[in-house]
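Below is one structure, written out as structure tokens; comments come after it.
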């Protein structure tokens, strides 16, 4: 899973979502997998998330030898930190022309 975060603000895109075959209540999704609570995702459904954002999400970036650390702000920051740390996150979405548009975020 990869997140594209525009520096000057704008929509955040998350690509590389693996589609789970069963719902999240039947089996906890593996890292990078996405599922609805009651079912997996079909082949016809999107495999990317879109978070509409007007403000810059990227607050700053610190570069160290062998490490890059970034700080995020705004409503989608929990998801960005979860992706970076390979943690679970939950989103409410609606299907929007080939994208799952995020309407709510949680951990």
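Every number in this text was worked out from the coordinates using simple rules, so none of it is lab data. The shown structure was predicted, so the numbers you read here are calculated from the model rather than taken from an experiment. FYI the Cβ positions are ideal-geometry reconstructions off the backbone, even for glycines, and counts take in every protein chain you see.
Looking across 32, 40, one residue alone is in contact with a strand residue (DSSP E or B) (Cβ under 6 Å, 6 or more places away or on another chain) and within 20 Å of residue 103 (Cα to Cα). It is 32. Of the residues making up the stretch 82-98, those that are in a strand (DSSP E or B) and within 20 Å of residue 31 (Cα to Cα) are 90, 91, 92, 93. Within the stretch 1-47, the set of residues being part of a loop (DSSP other than H, G, I, E, B), within 23 Å of residue 58 (Cβ to Cβ) and either free of Cβ contacts under 8 Å to residues at least 12 places away in the same chain or over 13 Å from the mean Cα position of the chain (by Cα) (or both) comprises 6, 7, 8, 9, 10.
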